[in-house]
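Following: one structure in structure tokens, then a few remarks.
No value in this document is a laboratory result; all are computed from the given coordinates. Keep in mind that this is a model prediction, so the values were computed, not measured. FYI the Cβ positions are ideal-geometry reconstructions off the backbone, even for glycines, and counts take in every protein chain you see.
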Amino acid sequence: MTISNEEYTNRVKSRASIGFYANLLRLPTLVKAMSDMRRAGEAIDVEKKALFYGRSNGRPRLAFMPPVIEGMTQTDQIIMHGVMGIASETAEVLEQYLNFIEMGEPLDMVNIQEELGDLLWYITLLADATGTSLSRLMQQNDAKLEKRFGAVFSEDRANHRNLVEERKTLEDNS
């Protein structure tokens, strides 16, 4: 069964949490975690650009390649590129959001959409390298969330997931 982008979006919206428990938020913890992720994403971006674009990272080249890197297939390399790209682009979205919650700067929706496009590019690269497609991912994700929630979000079902059943649903839909 193929699912259209519009139908998938509608199903995502129906299964998104509508709860917002601000009283449970530990803002300093969240800001620190997001800042740490942003810094990690920035460091990954430097290494991604060195590894895949030949840009100097300011460090001496390795005298030898670790076996895991040296033995990578082309598919392994593409997967690594996708994973590193998702991390670095996520860091850019985090930076936007941190500026919003820490400094009260308005969210730059054009920039966020640009970064979402970059994330989509890396997700597509990674999906293809792992033998799937965006439409297949939407279908699998929809089936998994249908198993978890049914048609609409449920806090109880979100907090008491059956991971074995969800995994079976993913395997049945792959």
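Laid out as a table, the results:
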| read-out | value |
| --- | --- |
| Distance from the stretch 116-174 to the stretch 11-56 (C-alpha centre basis), Å | 20 Å |
| Share of alpha-carbon pairs per 10 Å distance bin for the chain, given as whole % | 8, 24, 33, 25, 8, 1 |
| Mean residue ellipticity (222 nm) of the chain, computed from DSSP H runs ≥ 4 via -39,500 (n - 2.57), nearest 500 | -23500 deg cm²/dmol |
| Cβ-based charge dipole, the chain, positive-most Cα from M84, V12, V68 | V68 |
